[in-house]
Ligand code: BGC
């Protein structure tokens with residue numbers, strides 16, 4: 001018996017992203033660098049062909065919501081070209097999710113761009129925002145009113161850091177100015193998307209990732225300094241901007257941040273340690289195949305920080321990468337309890353399926369459902385039944 005008490009109307013489901021599960025997104029920038037700087041994704045979970053049975057399985061577990069993303073690289077494989085057949089498939093996915101009694105939650109940008117967009121300078125150029133908006137307009141016209149919950153950009157604060165400051169995601173830049181420019185342009189893209197999508201009948205949000213940073217040693221002033229810096233760049237800067245609806249003056253001071261709700265992705269805290277050679281590093285933990293330090297109270301801190309924005313909050317991702325499913329159940333139990341106490345709108349576990357974990361390839365098992373990367377067989381874990389039961393009030 002679980003100790004978690006789920007209030008009626010509290011939405012529980014799971015999340016996925018196109019590139020990580022569909023397979024063969026050959027026109028994506030990420031695909032272009034695979035084999036060279038990144039592990040190969042290949043067929044991923046072949047969700048592109050198996051989505052119907054996966055959606056059916058998710059619903060049969062009792063889940064009430066499924067977050068998916070629409071791959072811009074499939075819809076606009078080359079500049080000026082639109083692939084209607086791919087769009088039809090996404091329309092069908094949404095129909096299937098609804099048809100199985102789940103709420104479809106749609107993300108429009110999840111870390112990946114069409115290669116042609118990246119060649120044009122990607123998110124560093126303000127002029128490029130219009131290409132994303134062409135895609136959004138086409139999707140909105142195709143999908144109509146079948147979607148209530150939209151999310152414009154996944155992790156609008158973390159993605160520019162990974163792609164333009166730390167150089168771990170395409171286009172592998174390490175340039176602070178580019179990072180800020182990309183953030184500003186993504187915020188503009190999100191606002192443009194909001195204008196295109198917004199109707200009285202829907203809710204449009206964007207997603208931020210909060211990872212509270214703490215000093216590895218409370219006695220080290222250098223560790224403290226790093227934690228304060230990381231908290232500002234990753235967590236506080238975006239929250240302040242969205243709370244004020246305005247960029248800081250040193251970043252143009254323009255108005256940004258139209259949204260009806262905030263998607264919050266929370267996984268772990270960061271324990272930062274000064275290192276004279278690399279500046280800083282994160283203390284790792286073996287509890288999680290990603291090395292992250294698990295700390296459920298960090299979710300409370302994150303929710304309270306994000307609450308300053310003044311909008312309802314949905315937990316759009318929360319999960320653990322482990323082969324130990326008992327640990328996954330404990331993780332869900334602890335985080336879900338906090339999410340409910342803090343009165344968020346809903347909770348989506350990352351992820352429905354084991355999938356392609358970006359620069360880690362298939363090495364991190366986040367799934368409620370095990371997906372074998374070779375045979376592609378699906379096997380729901382105990383945690384899938386556990387969360388499904390809570391979701392369906394059973
Ligand atoms: C991303 C997911 C990713 C997960 C686990 C989030 O930052 O949105 O795409 O798989 O973290 O690393």
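Coordinate-derived values only; no laboratory data. Please read all numbers here as calculations on a predicted model, not as lab measurements. Glycine also receives a Cβ, built like all others from the backbone with ideal geometry; neighbour counts cover every protein chain displayed.
Dividing the convex hull volume of the alpha-carbon atoms in region 107-170 by its residue count gives 87 Å³ per residue. Region 229-245 and region 72-137 have Cα centres lying 27 Å from one another. FRET efficiency for the pair residue 202 and residue 275, taken as 1/(1 + (r/R0)^6) with r the Cβ-Cβ distance and R0 = 41 Å, rounds to 0.30.
With the convex hull drawn around the C-alpha atoms of region 267-308, the volume per residue stands at 83 Å³.
What does DSSP give for region 1-149 in terms of the percent of beta bridges that are antiparallel, rounded to the nearest 5? Mind dumping the intermediate values first?
Numbers: 1 of 11 bridges.
The antiparallel proportion sits near 10 percent.
The value obtained for region 345-394, namely the Cα convex hull volume divided by the number of residues, is 75 Å³ per residue. A straight line joining the Cα centroids of region 171-207 and region 379-394 runs 34 Å. Here region 178-303 is described by how far its Cα atoms reach on the three principal axes: 50, 32, 21 Å, from widest to narrowest. Multiplying the residue separation of residue 324 and residue 91 by 0.36 nm and subtracting their alpha-carbon distance yields 80.3 nm. Between residue 36 and residue 5, the FRET efficiency estimated from the beta carbon spacing at R0 = 51 angstrom works out to 0.55. Within region 1-158, the proportion of Cα pairs with more than 29 Å between them is 21 percent. Among 10, 132, 172, sorting on how many other beta-carbon atoms sit within 10 Å of each Cβ, with the fewest leading, yields 172, 10, 132. By the compact-protein rule of thumb, 2.2 N^0.38 Å, the alpha-carbon radius of gyration of the chain corresponds to a ratio of 0.92. Per the Kirkwood formula applied to alpha carbons, region 303-394 shows a radius of gyration over Rh ratio, Rg over Rh, of 1.02. Take the alpha-carbon centre of region 256-301, take the same for region 19-33, and report the distance between them in whole Å. Computed from Cα coordinates, the inter-centre distance equals 26 Å.
Antiparallel DSSP bridges in the chain: what percent, to the nearest 5?
Numbers: 10 of 45 bridges.
So the antiparallel bridges in the chain amount to around 20 percent.
Arrange 85, 79, 317 by Cβ neighbour counts within 10 Å, fewest through most, would you? Walk me through the numbers on the way to the answer.
On the way: 85 7, 79 12, 317 23.
Ranked by crowding around the Cβ, least crowded first: 85, 79, 317.
Computed from the alpha carbon positions, the gyration tensor of region 236-394 leads to an equivalent ellipsoid with semi-axes of 30, 22, 15 Å, biggest first.
Using equal-weight Cα scatterers in the Debye expression, the normalised intensity of region 101-215 in log10 at q = 0.13, 0.14, 0.19, 0.23 Å⁻¹ is -0.51, -0.59, -0.99, -1.30. Label-to-label distance, residue 249 versus residue 285, with points set 7 angstrom from Cα along the beta-carbon direction: 4.1 nm. Among 221, 207, 161, the largest mean-square fluctuation in a Gaussian network model of the chain (Cα springs under 10 Å) belongs to 221.
Can you sort 210, 369 so the residue with the fewest Cβ neighbours within 10 Å comes first? Write down the numbers at each step before the final one.
Working: 210 25, 369 21.
Taking fewest neighbouring Cβ atoms as first place, the list is 369, 210.
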